[in-house]
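Take a look at the structure below.
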């Protein structure tokens, strides 16, 4: 059965031209925004040593995560894995390059892998795009990260809400409510669900976890206060005091220029593993379109230093853009988003006895004018060629017959309207450049 | 031992900013040339099913190649591999998308993997960049592929020689010399080494393979003829006759516009597996710099159809650019090639009591003018900041003190010359845009 070959691995995808062109546009936007903010590109390999991602280095990779890691061996029998994310390799890179001048700002975009269950929107191979800066403990740089996220989504045309909270605030709420140390993580996991299950739902969960009425009331009063960001900051400061977390949120918000989209959300927990300060999650303003976060990050001041060892401090903060979710958001918002089926701007059709080489020469001139050109080399009939160009959504065609050659002109056809006119080469370029 | 974590898998690499910026420039050049020639991007996954690459589909993957393929399993126990190249996944893609309009021109760039021995310039994870067109049997399109390669190397500033031969010519030489069917592949493997071991070396090898003197003389006379491309074509046509191969070479050369770099090389074999017609290899003109091919390809008219089955014909031709070799070539030619250590164009330094937020605002305005800006958020002394900017090779610095704010000016410093001048924001932009 030959066609056994026509199958893919589970949970992976092909992207044909229309999807890939649209995805590349998003990646290009990331790249230009990341670089304009001073983040430099690096590339770490897909294949890493298993030890790097294993939990024994205490970097917050949980064992379930390790279960979802693709494992393989090389010919030397070494235990390897496919990377599951970029933060751990970034920590390795920083550790292996002690000559790096701090602050070091880098971005990395590429595929990461998880051998997990396949659900809607969950893949085994997917793109992640991370920016991180190491060497700055000042939360002013957190403001820059928020500004960068703002800029990305503004350029993509997505209306978003950027939620901010701080791990220290969650700790302070726990202390304020008198939640015993050993129950704090479990309680935080419940309050992180506020958005999904509401106040009543969180209360129910906390009751099931055998928290006292008094603790629960205190926790809920802290996470359910209402008001502007400034009001929340003040009320919360009065209620639970400031162990540093509230000031860090305040500093980040105050120093963000485009702060209009920021929402201080005291219930946001954003993972429990390695975050130490401010944490962010970005959602569509219209969450009915897509309820999950499309971008998230935070401060992880302990992870890199703990990973490298030696006692040196490597404060860090970063944010990760999920290409898949952002692509889905853009597609939901704009059905035209992946409608470009070809990069070709003009399809050159030699007619009759016009030699293909002449068509090649015109294509070369068009490309020199930065116009993406393709041509027919199959000597198909004009109608067939126009139908072909149309099937790829190519906006223009050039008809190149013997008459045109004699007159040193080209017939330019608008593929949408069907209108044609005879123009000089320079006129064609001027028209296509518009 | 924490620092066990600071290790990578064997044969893989990190690319820091300087290398990644330089590599991205090459990839950007590929992308713009490929697209301007009408090739559309697609993306197939890193992970494929083992059956796809296994030799049982008769697509010319040899078993040694399968030994050098990274194998892994998913949680469902399926046998998977990491892709070793892009042609097999392309064939799968064509087979799984019967709605595709032919000709279909696509490019794909990304990492491929081989679990082979590690030698100089051989890695286990490396980038490959392929263009292929399926649905055109006419060798005119081969001319376009050559033109595309020419354009890539011209834009990269590499002087190259594009060698062309045709698999049918090799067959015709075998018939002309009377080499028995069962010895032909072995003889072709020897003559492919002409370049490396010379005529005497090839003769020795063929003697060792117990070819007759007469056969050897005939083979050597055919592959060692000298002259211009046209002379070679004529002499060879007279000597061995034309079974189609010589005309295909002739057509490809004649229809290439920038044909000055093309060298017809009757000894070129370019793999024995799936090529059916014209084959190409691109070398640096100055081979003393780098003796191996930096780009190669050819026509494979049988492979995709054989792979898909069903009797439909899928003539195809393509070429593959090895990022690693091309990067090495550029680095050998120009020591400055990877000298850009940062994408940042200007480093903004707030001085004294100037609030960071003001520096953020200037950065935002600079970025809006498409100038890549970074800034100090650590309140370091100016000298330290200048030294930091200099360590990253950032060409400009902006000093933003209280005086400047009062005058609504910025002090722009040329980091190379150390010259400074006070300018308005618009003057700064004009200067940096130059």
Those residues of the range A:38-56 which are in contact with a strand residue (DSSP E or B) (Cβ under 7 Å, 6 or more places away or on another chain) and part of a loop (DSSP other than H, G, I, E, B) amount to A:38, A:39, A:42, A:44, A:45, A:46
- Message: Condition check: surrounded by 18 or more Cβ atoms within 10 Å (Cβ to Cβ), modelled with pLDDT of 95 or more, under 15 Å from residue B:166 (Cα atoms) and out of contact with any strand residue (DSSP E or B) (no Cβ under 7 Å at 6 or more places or on another chain). Does residue B:232 satisfy that?
- Response: no
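Filter the range A:122-140 for residues that are part of a loop (DSSP other than H, G, I, E, B) and surrounded by 21 or more Cβ atoms within 10 Å (Cβ to Cβ) and give the result.
Initially, the range A:122-140 is screened for residues part of a loop (DSSP other than H, G, I, E, B), giving A:122-124, A:135-139.
Hits for the range A:122-140 are A:124, A:136, A:139.
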Out of (1) away from chain B (no Cβ under 14 Å); (2) assigned to a helix (DSSP H, G or I), the one residue A:143 does not meet is (1)
Exactly one of A:322, A:306, A:244 is within 14 Å of chain B (Cβ to nearest Cβ) and either more than 30 Å from residue A:215 (Cβ to Cβ) or in contact (Cβ under 8 Å) with a residue 60 or more places away in the chain (or both), and that one is A:306
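From the list B:418, B:393, B:352, B:383, which one is touching a residue at least 24 places away in the same chain (Cβ under 8 Å) and away from chain A (no Cβ under 13 Å)? Write out each step before concluding.
On the way: B:418 fails: touching a residue at least 24 places away in the same chain (Cβ under 8 Å); B:393 fails: away from chain A (no Cβ under 13 Å); B:383 fails: touching a residue at least 24 places away in the same chain (Cβ under 8 Å).
Only one candidate qualifies: B:352.
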On the basis of being more than 29 Å from the chain's Cα centre (by Cα), modelled with pLDDT under 95, exposed (fewer than 12 other Cβ atoms within 10 Å of the Cβ) and part of a helix (DSSP H, G or I), does residue B:182 make the cut?
yes
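So that you can scan it fast, the table gives a plain yes or no per residue for (1) over 25 Å from residue A:356 (Cβ atoms); (2) outside the structural domain of residue B:135 (by TED's automatic domain parsing):
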{"residue": "B:275", "(1), (2)": "no, no"}
{"residue": "B:302", "(1), (2)": "no, no"}
{"residue": "B:309", "(1), (2)": "yes, no"}
{"residue": "B:339", "(1), (2)": "yes, yes"}
{"residue": "B:351", "(1), (2)": "yes, yes"}
{"residue": "B:356", "(1), (2)": "yes, yes"}
Sole miss for residue B:51 among (1) at the interface with another protein chain (Cβ under 8 Å from one of its Cβ atoms); (2) at pLDDT 95 or above is condition (2)
Residue B:370 passes all but one of the listed conditions (1) away from chain A (no Cβ under 11 Å); (2) in a loop (DSSP other than H, G, I, E, B); the exception is number (1)
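Restricting to the range B:390-418, give me the number of residues that are assigned to a loop (DSSP other than H, G, I, E, B) and either buried (at least 20 other Cβ atoms within 10 Å of the Cβ) or touching a strand residue (DSSP E or B) at 6+ places or on another chain (Cβ under 7 Å) (or both).
Pass one, the range B:390-418, residues assigned to a loop (DSSP other than H, G, I, E, B): B:392-395, B:401, B:408-409, B:415-418.
Retained after the next criterion (residues that are either buried (at least 20 other Cβ atoms within 10 Å of the Cβ) or touching a strand residue (DSSP E or B) at 6+ places or on another chain (Cβ under 7 Å) (or both)): B:392, B:394, B:409, B:415.
Going through the range B:390-418 one residue at a time, the tally reaches 4.
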Quick count over the range A:147-160, residues being away from every other protein chain (no Cβ under 11 Å) and crowded, with 17+ Cβ neighbours inside 10 Å, is 6
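Output yes when any residue across the range B:25-33 is modelled with pLDDT of 95 or more, within 7 Å of chain A (Cβ to nearest Cβ) and closer than 30 Å to residue A:11 by Cβ, and no when none is.
Taking the range B:25-33 as the starting set, the residues that turn out to be modelled with pLDDT of 95 or more are B:25-33.
Okay, now just the ones that are also within 7 Å of chain A (Cβ to nearest Cβ), so none.
No, there is no match, as no residue in the range B:25-33 is modelled with pLDDT of 95 or more, within 7 Å of chain A (Cβ to nearest Cβ) and closer than 30 Å to residue A:11 by Cβ.
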Residue A:118: passes all of (1) more than 18 Å from the chain's Cα centre (by Cα); (2) touching a residue at least 40 places away in the same chain (Cβ under 8 Å); (3) surrounded by 17 or more Cβ atoms within 10 Å (Cβ to Cβ); (4) outside any helix (DSSP H, G or I) but (3)
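The values are calculated or read from the model by the stated rules, or taken from the named source; none is laboratory data. These numbers come from a predicted model, not from an experiment. Reconstructed Cβ throughout: ideal geometry from the backbone, glycine too, with neighbour counts over all protein chains shown.
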